[in-house]
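The values are calculated or read from the model by the stated rules, or taken from the named source; none is laboratory data. Being a predicted model, the structure only gives us computed values, none of them experimental. Note that we place each Cβ from the backbone using ideal geometry, even for glycine, and neighbour counts take in every protein chain shown. These accessible areas exclude ligands, DNA and RNA; they are computed on the full protein's heavy atoms, side chains included. Shrake-Rupley method; radii C 1.70, N 1.55, O 1.52, S 1.80 Å.
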Amino acid sequence: MAGQKKGVRGLLAGLAIAVLSGCVSVPDAIKGTSPTPQDDLVRVMSAPSLYVGQEARFGGKVVDIQNQQGKTRLEIAAVPLDSGARPVLGEPSVGRIFADVNGFLDPVDFRNQLVTVVGPITGTADGKIGNAPYKFMVMQANGYKRWRLTQQVMLPPQPIDPWYWGPGPHPRAWHGGYGGWGWFPPEPARVETVVTE
């Protein structure tokens, strides 16, 4: 009976973790004021004048930073964002933007870092990427969030046998189980890099 309770508690704990990890919210600093800020840079750049004044939320890697009088301009290689407005790792850039932040941001703290910015689109600006001319979308970043990269150990799914509640290792974990029930040998844990606050 004690083994049965322990098994049920472990199963419930696993389900609770799965449910909680699915609930991702956008941090307050980059929520903005619109329920659905523009986030499709390709669409915005196809007709930028139509989007001037609309709130947008973009994120990606800061590739350059320019301190100007009273503001800091971040050049961001934008990538898609996840449901928590975090840049999605491994995705190719969808374009470059300039995000103007009021005040001074130290280049040491932002260059090559992942950020998400939110605020109104103000237009476009001509610039260059290397020697190639490029048209940047420009926005006023009323809110921004700098993200950290961290490594997380991802445990593989464990086999669950509804007929086995005893202590110790599962006697059939290395076998085929009850044909078709899908028992499998334990996999090694893997380490993934994730974006976090």
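On the given criteria, is Gly84 in a loop (DSSP other than H, G, I, E, B) and more than 16 Å from Pro120 (Cα to Cα)? Please lay out each step first, then the result.
Numbers: in a loop (DSSP other than H, G, I, E, B): yes; more than 16 Å from Pro120 (Cα to Cα): yes.
Judged against the criteria, Gly84 is a match.
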Among residues of segment 65-79 being farther than 12 Å from Val115 by Cα and out of contact with any helix residue (DSSP H, G or I) (no Cβ under 9 Å at 6 or more places or on another chain), the residue most open to solvent (accessible area, probe 1.4 Å) is Gln69
- Query: Quick check: anything in segment 104-118 under 17 Å from the mean Cα position of the chain (by Cα), surrounded by fewer than 14 Cβ atoms within 10 Å (Cβ to Cβ), over 19 Å from Tyr134 (Cβ atoms) and among the acidic types (Asp, Glu)?
  - Reply: no
Taking segment 105-142 and keeping residues part of a strand (DSSP E or B), modelled with pLDDT of 95 or more and hydrophobic (A, V, I, L, M, F, W, C) leaves Leu114, Val115, Val117, Val118, Ile121, Ala125, Ala132, Phe136, Met137, Val138, Met139
Q: May I ask you to verify whether Asp100 is open to solvent by less than 80 Å² (accessible area, probe 1.4 Å), within 19 Å of Pro48 (Cβ to Cβ) and acidic (Asp, Glu)?
A: yes
Met45 meets each of (1) surrounded by 13 or more Cβ atoms within 10 Å (Cβ to Cβ); (2) closer than 15 Å to Trp147 by Cβ; (3) in contact (Cβ under 8 Å) with a residue 40 or more places away in the chain with one exception, condition (2)
Given (1) without any contact (Cβ under 8 Å) to a residue 24 or more places away in the chain; (2) open to solvent by less than 30 Å² (accessible area, probe 1.4 Å); (3) over 19 Å from Met137 (Cα atoms), Gly90 misses just (2)
Flagged in segment 119-151 as on the phi > 0 side of the Ramachandran plot and surrounded by 14 or more Cβ atoms within 10 Å (Cβ to Cβ), in numbering order, are Gly119, Gly123
